[in-house]
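Shown next, in structure tokens, is the structure this report addresses.
The values are calculated or read from the model by the stated rules, or taken from the named source; none is laboratory data. The structure displayed is predicted, hence computed values, not measured ones. Glycine also receives a Cβ, built like all others from the backbone with ideal geometry; neighbour counts cover every protein chain displayed. Please note that ligands, DNA and RNA were not included when accessible areas were found on the heavy atoms of the full protein model with its side chains. Shrake-Rupley method; radii C 1.70, N 1.55, O 1.52, S 1.80 Å.
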Amino acid sequence: MTVDAGERAAIGAREPKSAISGLTSVVLLGLLAAAPALALAQTPLTLEDAMRRARDDTADARVLASSVAEAAARVRLARAGFWPRVDAAETAQRGDQPVFVFSSLLAQRRFAEADFAISALNHPDAVTNTRTAISIQQSIFDGGGTQAGVRAASLDRDLAEARRDAARQDLAFSAAQAFVHALEREAGVRAAQAAVDAAESDRERARARRDVGLATDADVLAVDVHLADVRQQRISASGDLAVAYIQLADIVGLPLTSPLALVRPAPWPAPDDDEDALVREALARHPRRREADAQIQLADNARRAAHAALLPAISAQAGWELNGASLSTQQSSWGLGVDVRINLFDGFATRARVAEAAHMRATAIAERERLDRRIDVDVRAALAQWTAARAGEDVGRAALAQARESQRIVRERYDGELATIADVLRAAEAVRAAELRATAAEMAVILQRLALERALGRL
């Protein structure tokens, strides 16, 4: 593309504000030359794909999944209390410590009368004892403490799942925001290119009129200055779009250099106009509400666990062992036992734990009431904002149509010597501003609908 002397003069006059460096021009030309190849390698990305990737295919999503897996493992750990504990041990000891020698000889079943001698008891010869033992311990009744532990671990897992689902909704909404932001930047680039095309057309119109004596060089210079401005705006818009692509790729877990081809989402159907029904749906399915319910159940379980400490704990033990001076001379023995423990007094610790659980439950109920109120407000506010955004979109489209029609009329009046070049430039700027406002209104509709889906717990 060549630049004539008038355009060079116009650009030179505005150099402090909008001159383009040689390096920037080279980069822009390189991007334009590579555009066909990039288009072939672009990755199509829909809004639904972006939200799904953010929820499932990012490092943040993997962290959330791991937190739930950890909670599930703690449930299995708590259930281990229902099973018997079985241990096996193999030891070998040697020494002349009197008690050790006495007990080892007895365990090996080779204690003799001579070993009762005072000198033998006080100064025994060193002996070796090898011991093979298997012990089993089984809880028979613990007042429901193990069951309460399993219940607490299960509720912690439910709590982790609710928090994961809420965080995944946040990730999906962040991805949707980045997606819509990139769409808006794409529209900005298109609007800037349309402004450049319009300015070039206006320049040709002004030159043609100047050549036949119906306009002056000042008119042409004014259009040249305007053309330089819109070209600078196009370059700035392209830079903003590149940054938006990088931010979107980061949020959805794609390589930062991935060329993206965004697919504009189809319009959503209108939601149910019954606000009360929408609020009830949100209360039934919102992950934050499930989290609040789990907190109340955890407090109830803590109260039951505290009461369990007042009941007796009964357990049984069994053991079998082999003792001998060597493995080949070991002698066997066994034992059975039952252990009963009753908490007679613990310094009122149990009473304090019961009171603590009661206050935890009261706090959790109050938190859920506050959350219900917040969900109610969020749903009604999101619905109102989406309705307003739809109305704003209609206004923006109408304003854009009016601006384009006004531009057409002004151009015709300029050709008929009924308008000045200043009128033409103002009309062109009005079209560009209207295009940006219409795009912003259209993107607001998408974002507000997503905000409504998030408030309803649907994302």
Checklist outcome for this item: Residues of the stretch 214-239 being more than 17 Å from Glu204 (Cβ to Cβ) and touching a helix residue (DSSP H, G or I) at 6+ places or on another chain (Cβ under 7 Å), in sequence order, are Asp229, Gln232, Gln233, Arg234, Ile235, Ala237, Ser238
Checklist outcome for this item: If you go through Ala107, Ala117, Ala112, the only one that is touching a strand residue (DSSP E or B) at 6+ places or on another chain (Cβ under 7 Å) and open to solvent by less than 50 Å² (accessible area, probe 1.4 Å) is Ala107
Item to check | Yes/no for Leu256 being outside any loop (DSSP other than H, G, I, E, B) and aliphatic (A, V, I, L, M) | outcome: no
Next on the checklist: For the stretch 133-152, give me each residue that is crowded, with 18+ Cβ neighbours inside 10 Å and not in a loop (DSSP other than H, G, I, E, B).
Outcome noted: Gly145, Thr146, Gln147, Ala148, Gly149, Val150, Arg151, Ala152
Item to check | Cβ-Cβ under 8 Å pairs, at least 6 apart or on other chains, the stretch 390-407 side farther than 14 Å from Ala433 by Cβ, far side of a type in the set (Asp, Glu) | outcome: Glu393/Glu442
Checklist outcome for this item: Expected output for the stretch 420-447 (first residue part of a helix (DSSP H, G or I), partner open to solvent by less than 30 Å² (accessible area, probe 1.4 Å) and among the hydroxyl-bearing types (Ser, Thr, Tyr), Cβ below 6 Å, 6+ apart or cross-chain) is Val424/Tyr414
Item to check | Top-ranked residue of the stretch 79-91 - restricted to ones that are open to solvent by 80 Å² or more (accessible area, probe 1.4 Å) and either in contact with a Phe, Trp or Tyr (Cβ under 8 Å, 6 or more places away or on another chain) or assigned to a strand (DSSP E or B) (or both), ranked as nearest to Arg157 (Cα to Cα) | outcome: Arg85
Item to check | the stretch 329-357, residues that are assigned to a loop (DSSP other than H, G, I, E, B) and not charged (D, E, K, R) | outcome: Gln330, Ile342, Asn343, Leu344, Phe345, Gly347, Phe348
Item to check | Selected residue (only one of Arg361, Arg353 is surrounded by 13 or more Cβ atoms within 10 Å (Cβ to Cβ), in contact (Cβ under 8 Å) with a residue 40 or more places away in the chain, within 30 Å of Arg285 (Cα to Cα) and among the basic types (Lys, Arg)) | outcome: Arg361
Checklist entry - Hey, does the stretch 213-234 have a residue that's part of a helix (DSSP H, G or I), hydrophobic (A, V, I, L, M, F, W, C) and either under 24 Å from Ser66 (Cβ atoms) or open to solvent by 60 Å² or more (accessible area, probe 1.4 Å) (or both)? => result yes
Next on the checklist: Can you pull out every residue in the stretch 53-85 that is basic (Lys, Arg) and in contact (Cβ under 8 Å) with a residue 12 or more places away in the chain?
Outcome noted: Arg53, Arg55, Arg74, Arg79, Arg85
Checklist entry - Which one of the conditions (1) buried (at least 20 other Cβ atoms within 10 Å of the Cβ); (2) part of a helix (DSSP H, G or I) does Thr130 fail to meet, given that it meets all the rest? => result (2)
Checklist entry - Only one residue in Ala430, Ala399 is open to solvent by 30 Å² or more (accessible area, probe 1.4 Å), over 31 Å from the mean Cα position of the chain (by Cα) and over 30 Å from Ala208 (Cβ atoms). Which one? => result Ala399
Checklist entry - Quick check: is even one residue across the stretch 183-192 within 28 Å of the chain's Cα centre (by Cα), crowded, with 19+ Cβ neighbours inside 10 Å and hydrophobic (A, V, I, L, M, F, W, C)? => result yes
Next on the checklist: Need the failing condition index for Gln147 against (1) out of contact with any strand residue (DSSP E or B) (no Cβ under 8 Å at 6 or more places or on another chain); (2) over 19 Å from Ala294 (Cα atoms); (3) of a type in the set (S, T, N, Q), just the number.
Outcome noted: (2)
